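Taking it in order: structure first as structure tokens, then the write-up.
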Amino acid sequence: MTKERVMHIGIIGLGKMGANMRGRLREAGLEVTGFDRNPDVTDVASTDALIKALPTPRLVWVMVPAGEITDAVIQELADKLEAGDLVIDGGNSRFTEDYKHGALLAEKGVNYIDAGVSGGVWGLKNGYGLMVGGKADQVERAMPVFDALRPAGPREEGFVHAGEIGAGHYAKMVHNGIEYALMQAYAEGYELLEKKDDLIKDVPGIFKAWQRGTVVRSWLLELLVRALEHDPELDEIEGFVEDSGEGRWTIEEAIANAVPVPTISASIFARFVSRQDDSPAMKAVAALRNQFGGHELKKAD
């Protein structure tokens, strides 16, 4: 009998997410070769070395910042890969960029999948929520990778083939727009409780109590509790909150499709306010972003 070959995948980009994904794939028994410009984390010295290390037809996962960096990596892969290879963009690219990247690779006979990935710095342990777009045969080809990355349990609870190229990142964009609104609601509740200090004596305890049996329980709530247990008054954090793009894109899509999204819109504008005035609510949002995604905090003076 011929021994079945273990899937071998290449990853370009070994930051917080990429390095953890490499680890989870290896734990699942897949062979992974990673490339990063940081010599302390890379497995090979160059993209050329990565391509050479992979068996054909190759599977390359791109996990670099959206925008110009992703464009450059996709262009390099289009120049160097061969017909039949497959590229998966697992970063936070805008869905309209997927059309461009897919077309560029298709000119060389290289296949393309876009993958919206959620799970942040906790994905190594808990698994990643995956939303993918692309042709069904290519999605099926990559299923060993998706199955290794997603949480344990029924596939449909951690993975979806959302549609054609662009659908994965579109779903992730809407997911992040919802996430913005959820974080803002928790944060405003935190500020209201914290302000009523003549009556409320245990704000972290209230959020902790909400974790079991209430309709507002969630993983985000658990992460807020974690942040408050570390810093009950959030004194160590400046209430300055960045936005990574998906929230803005969600609003732009809502306008283009005449879909009202007042809650998501308000959460984005609240982040703009945070860059002008320090507030307890925005400290809570900043703490949440750090907890789930490892996003950098601005320390209070």
Next item on the list: Quote to one decimal, in nm, the extra length available between Glu296 and Gln211 on full extension: 0.36 nm per residue of separation minus the C-alpha distance between them.
Entry: 28.0 nm
Item checked: Phi-based couplings in Hz for the stretch 27-37 (Karplus 6.51, -1.76, 1.60; Gly and Pro marked x) -> 4, 7, x, 7, 8, 10, 10, x, 10, 8, 5
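Sum -39500 (n - 2.57) across every DSSP H segment of at least 4 residues in the chain, then divide by the residue count to get the 222 nm mean residue ellipticity, nearest 500.
Here the helix-only value at 222 nm equals -15000 deg cm²/dmol.
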Note to self: Can you compute the equivalent ellipsoid semi-axes for the stretch 128-283, i.e. the square root of 5 times each eigenvalue of the Cα gyration tensor, sorted largest first and rounded to whole Å?
What the structure shows: 34, 21, 13
Item checked: Cα centroid separation, the stretch 98-115 to the stretch 241-301 (Å) -> 31 Å
Margin query: Is the C-alpha gyration tensor of the stretch 209-290 telling us rounded, prolate or oblate? Criteria: a/c under 1.5 is rounded; beyond that, a/b larger than b/c is prolate, otherwise oblate.
Written below: oblate
Margin query: I need the shape label for the stretch 8-164. Rule: rounded when a/c is under 1.5, else prolate if a/b > b/c, else oblate, with a, b, c from the alpha carbon gyration tensor.
Written below: rounded
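I need the trypsin sites (Lys or Arg not before Pro) found in the stretch 229-282, filtered to DSSP loop residues with at most 14 other beta carbons within 10 Å of theirs.
Values: sites: Arg248, Arg271, Arg275; in loops: Arg275.
When the trypsin sites (Lys or Arg not before Pro) of the stretch 229-282 are filtered for loop state and at most 14 Cβ neighbours within 10 Å, Arg275 remain.
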Check: Which whole-number percent gives the relative contact order of the stretch 8-164, counting Cα pairs below 8 Å spaced six or more residues apart?
Finding: 19 percent
Checklist line | Theoretical gain in end-to-end length, Met143 to Ala45 [0.36 nm per residue, Cα-Cα removed] | finding: 32.5 nm
Check: Which whole-number percentage describes the relative contact order of the chain, with Cα contacts under 8 Å and a sequence gap of 6 or more?
Finding: 14 percent
Item checked: In the stretch 1-48, trypsin sites (Lys or Arg not before Pro) in a DSSP loop with at most 12 other beta-carbon atoms within 10 Å -> Lys3, Arg5, Arg37
Notebook entry, point to check: With a 10 Å Cβ neighbour count serving as the proxy for reagent exposure, in which order, fewest first, do Asp98, Asp137 appear?
Noted result: Asp137, Asp98
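What's the FRET efficiency of Arg226 with Glu82 using the Cβ-Cβ distance as r and R₀ = 51 Å, to the nearest 0.05?
That gives a FRET efficiency of 0.65.
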Next item on the list: For the stretch 145-184 and the stretch 195-223, compute the distance between their C-alpha centroids and round to whole Å.
Entry: 27 Å
Note to self: Could you work out how much longer the chain between Phe269 and Ile255 gets when fully extended? Use 0.36 nm per residue separation minus the Cα distance between them, nm to one decimal.
What the structure shows: 3.5 nm
Next item on the list: Send over the semi-axes of the chain's equivalent ellipsoid, whole angstrom and largest first, taken as the square roots of 5 times the C-alpha gyration tensor eigenvalues.
Entry: 38, 21, 18
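Only the coordinates and a few stated rules stand behind these numbers; no lab work does. Computed from a predicted structure; not experimentally measured. Cβ atoms come from the backbone with ideal geometry, glycine included; neighbour counts cover every protein chain shown.
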